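Visitor: I have a structure here, written as structure tokens, and I will follow up with some questions on it.
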Amino acid sequence: MEVKINATVSHCTNNSLARYPCKQVATNVTEQKHQVSRDKRGQVLGVGGFRGCTVWFTGLSGAGKTSISFALEAFLVSRGIPAYGLDGDNIRTGLNKNLGFSPEDREENIRRVAEVARLFADSGVIALCSFVSPFALDREMARKIHKDNDLPFFEVFIDTPIDVCEERDVKGLYKKARQGMIKGFTGVDQPYEKPTSPDLILDTVGSTVGDCSMTVVKLLQDNGILPDIGTVDEIKELFVPQEKLALTLAESKTLPYLALTELDLQWVQVLSEGWASPLNGFMTEDELLNVFHFNTLDSSTNQSVAIVLPVSTADKERLNGSSGVTLVYEGRPVAILRSPQFYVHRKEERACRQFGSCHPDHPHIKMIFESGDFLVGGALEVFERIKWNDGLDQYRMTPKELRIKFKEMGADAVFAFQLRNPIHNGHALLMQDTRKKLLDRGYQKPVLLLHPLGGWTKDDDVPLPTRMKQHEAVLAEGVLDALSTVVAIFPSPMLYAGPTEVQWHAKARMNAGAQFYIVGRDPAGLPNPNKEVGGDLYDPSHGGRVLSRAPGLPGLEILPFRVAAFDKIKKKMDFFDPSRKDDFEFISGTKMRHLARTGQLPPDGFMAPSAWAVLASYYKSLL
């Protein structure tokens, strides 16, 4: 073994080009060659292929370097590309904590960071460096360190005017510099040398953080660093373009008709709006097999539930061989199903694979057994948005509309909460806690997508109009922050398929622009329909555990559910503490129904009073 003793490292001089390369002080060192090649690392690290490089973000303090860098980091990692953000403040609290802001220290700061970034890049990671790096020679040194090691280096200039940076000034640094409290502050009493030929210039005044990060993605794609990994805007809607609508409607009158049920129409809405994107219609047999056996449409796209169209034997015989079929609901044409493919509806297999049971008393399995003996798949062309005219259509926002809404709100993080029940203060506590954690992680404006399920539910669930009215009351009382919450209806029917369905709920919210998903306790579950066995049909913990391992959800971080109950000591909902289990009371749906029907009130702090009034009124109406 070779023993190396390093001499003290001195700073490189800042006075001339002699600093390229930095003088080697320790003379008794020998470079050691790795046995693992970059190509080999690329085979095992993230999306196939070596992608190591450094993106160097430079600009004034407050220009937006770190915001763009971290947003890009999140985007790349969500798509299986290893990336890591190196931020100036973070580096100065660790590796470079012994450096100040003199020109000499700034040079040494950049040299050290460039060497660290080189190591990241050499390992196959995309290093994203956010540093003011005001001096052109320092930035050129960083580039040369990479060039000498055959590693790509991209200089990105965040060209934000100093007056805009001062307006942002979240750290209050410009104010202190103007008052003389900070010396040598770039842009105030120390110059910033603008790049003369950067690889990319970003204008943050007229663009969002997301727009800027996508521009960097394009730079990396154009230079062969990244494959085509998609962008946030690729949601596939199935509506007929306006310019083709008249001809398509005319054609629909010449095709044979197939009547849809209300459940079928709900799935048409789900498909047409892009919730199941990139699925382009009701599943063919091969697509269904992928779902049954792999919970995916392909190797990179999660799709855990069957979206199929049952037909009777008579309809199958009547329609087989048609080039297209017009789908009608209550006599009104809604879509054309192109090149229909008919295949046997294997009901027992479908039930067992999707639900882990084929018991006929399960409410959705019952509907499967009562439906047609064949399925028909094919691409959909939907004439117009599905409207239910129930006074709630304004809440039925499509994934694209929700993405636009989040962008208008300036959201830098969207966390989704799926529910089919009324909101109590325990739910609210979980959502409030999630928002706080995202703020603690550095997000500036996290937005909650409160997204109740709006399709078919079993008979004893609280109906959608009541739930929406109850949610409105929760917001009106300020239990949740209305300014950072979007309430919308998720149009999917409920399956009660436990961990299998949880993946579908998460994938759909990812399509709507959510990056974080709160998975609840016993999500999509229900009591075992086999009364002889009893208990829950699914283990309450399996939904969250499966979701954390599910394939094809690259853009989503799963947030674990913390159980909340009414704390009898604190007189409010709080996270359950097993060490004080006797101090907590769990108020179930059954107990809520009993309280409402008997005119009793739940404990103060369990639910917003006006929200309880809505719920109590509904339960009393059932007497």
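Visitor: Report, in debye and to the nearest 20, how large the dipole of the chain comes out about its Cα centre when Lys and Arg carry +1 and Asp and Glu carry -1 on their Cβ.
Guide: On the way: 73 positive and 77 negative charges, 241 e Å.
With Lys and Arg at +1 and Asp and Glu at -1, about 1160 debye.
Visitor: Follow-up. Picking from Val188, Phe131, Ser213, whose Cα lies most toward the positive end of the charge dipole for the stretch 129-287 (charges on Cβ: Lys, Arg +1; Asp, Glu -1)?
Guide: Final value for the positive-end residue is Val188.
Visitor: Another question about this same structure. For Cys352 and Glu477, FRET efficiency with R0 = 56 Å and r from the beta-carbon atoms, rounded to 0.05?
Guide: Details: r = 45 Å, r/R0 = 0.80.
That pair, Glu477 with Cys352, gives E of 0.80.
Visitor: A further question on this structure: Farthest toward the dipole's positive end in the stretch 480-623, which of Gly520, Leu553, Gln600, given Cβ charges of +1 (Lys, Arg) and -1 (Asp, Glu) about the Cα centre?
Guide: Checking the options against the dipole of the stretch 480-623, the answer is Gln600.
Visitor: For the ranges 497-508, 341-352, what's the packing order if you count other beta-carbon atoms within 10 Å of each residue, average per peptide, and put the highest first? Before the final figure, lay out each step's value.
Guide: Working: 497-508: 25.3, 341-352: 16.4.
Highest-to-lowest ranking by the protection proxy: 497-508, 341-352.
Visitor: Between Asp373 and Arg549, what's the calculated FRET efficiency when r is the beta-carbon distance and R0 is 30 Å? Round to 0.05. Please report the intermediate quantities before stating the final value.
Guide: Values: r = 35 Å, r/R0 = 1.17.
That gives a FRET efficiency of 0.30.
Visitor: Additional query: What does the extension gain come out to for Ser541 and Ala246, with contour length at 0.36 nm per residue minus their alpha carbon separation?
Guide: Using 0.36 nm per residue and subtracting the Cα-Cα distance, I get 101.1 nm.
Visitor: Additional query: Going 7 Å from the Cα of Gln432 in the Cα-to-Cβ direction, what parts of the stretch 555-592 have a backbone nitrogen less than 12 Å from that spot?
Guide: 572-575
Visitor: A further question on this structure: Where a ≥ b ≥ c are the square roots of the eigenvalues of the C-alpha gyration tensor, would you call the stretch 271-399 rounded, which needs a/c under 1.5, or, failing that, prolate if a/b is larger than b/c, or oblate?
Guide: Values: a/c = 1.34, a/b = 1.17, b/c = 1.15.
Note, shape of the stretch 271-399 comes out rounded.
Visitor: Once you put a point 7 Å from the Cα of Ser339 and another 7 Å from the Cα of Gln32, both along the Cβ direction, what distance in nm separates them?
Guide: With each label placed 7 Å out from Cα toward Cβ, I get 5.8 nm.
Visitor: Also: Given charges of +1 on the Cβ of Lys and Arg and -1 on the Cβ of Asp and Glu, with all other atoms neutral, how large is the dipole of the stretch 98-178 about its Cα centre, in debye to the nearest 20?
Guide: Magnitude of the dipole: close to 200 debye.
Visitor: Modelling each spin label as a point 7 Å along the Cα-to-Cβ direction, I'd like the Thr93/Ile569 distance in nm, to one decimal.
Guide: 3.3 nm
Visitor: Give me Ile386, Ile518 sorted ascending by neighbouring Cβ count inside 10 Å, so fewest comes first. Could the numbers behind the result be given before it?
Guide: Numbers: Ile386 19, Ile518 25.
Least crowded to most crowded, the residues run Ile386, Ile518.
Visitor: Continuing with this model, one more query. Return the whole-Å distance between the Cα centroid of the stretch 558-572 and the Cα centroid of the stretch 28-81.
Guide: 40 Å
Visitor: Per Stokes-Einstein, at 20 °C and 1.002 mPa s, what whole-number D in µm² s⁻¹ belongs to the chain, with the Kirkwood radius over Cα pairs as the hydrodynamic radius?
Guide: Details: Rh = 28.0 Å.
D, rounded to a whole number, is 77 µm²/s.
Visitor: Can you give the FRET efficiency for Leu137 and Arg178, using 1/(1 + (r/R0)^6), R0 = 25 Å, r = Cβ-Cβ distance, to the nearest 0.05?
Guide: On the way: r = 27 Å, r/R0 = 1.10.
E(calc), rounded to 0.05, equals 0.35.
Visitor: Which whole number of Å³ per residue matches the convex hull of the alpha-carbon atoms in the stretch 479-623?
Guide: Details: hull volume 25.0 nm³, N = 145.
It is 172 Å³ per residue.
Visitor: Check the straight Cα-Cα distances from Lys387 and name the lysines below 22 Å, setting aside those fewer than 8 residues away within the same chain.
Guide: Leaving aside lysines fewer than 8 places away in the same chain, those within reach of Lys387 are Lys236, Lys244, Lys253, Lys400, Lys405, Lys458, Lys469.
Visitor: OK, next. Sort 586-598, 75-87 for me by packing, meaning the mean count of neighbouring Cβ atoms within 10 Å per residue, highest on top. Kindly include the intermediate steps, with their values, before the conclusion.
Guide: Values: 586-598: 14.3, 75-87: 20.2.
By packing density, highest mean first, the sequence is 75-87, 586-598.
Visitor: Sticking with this structure for a sec: Picking from Val113, Tyr343, Asn421, whose Cα lies most toward the positive end of the charge dipole for the chain (charges on Cβ: Lys, Arg +1; Asp, Glu -1)?
Guide: Positive-end residue among those listed: Val113.
Visitor: Follow-up. Taking 7 Å along the Cα-to-C-beta vector as the label spot, tell me the Val164-Lys144 distance in nanometres, rounded to one decimal.
Guide: 3.2 nm
Visitor: Treating only the Cβ atoms of Lys and Arg (+1) and Asp and Glu (-1) as charged, compute the dipole magnitude of the stretch 38-223 about its Cα centre; round to the nearest 20 debye. Display every interim value, and only then the final one.
Guide: On the way: 24 positive and 26 negative charges, 98 e Å.
Charge dipole of the stretch 38-223: 460 debye, to the nearest 20.
Visitor: State the extension gain, in nm to one decimal, for the chain segment bounded by Asn530 and Leu289, taking 0.36 nm per residue of separation less the distance between their alpha-carbons.
Guide: 84.0 nm is the gain from fully extending Asn530 to Leu289.
Coordinate-derived values only; no laboratory data. Being a predicted model, the structure only gives us computed values, none of them experimental. Using ideal geometry, Cβ is built from the backbone for each residue, glycine included, and neighbour counts are taken over all protein chains shown.
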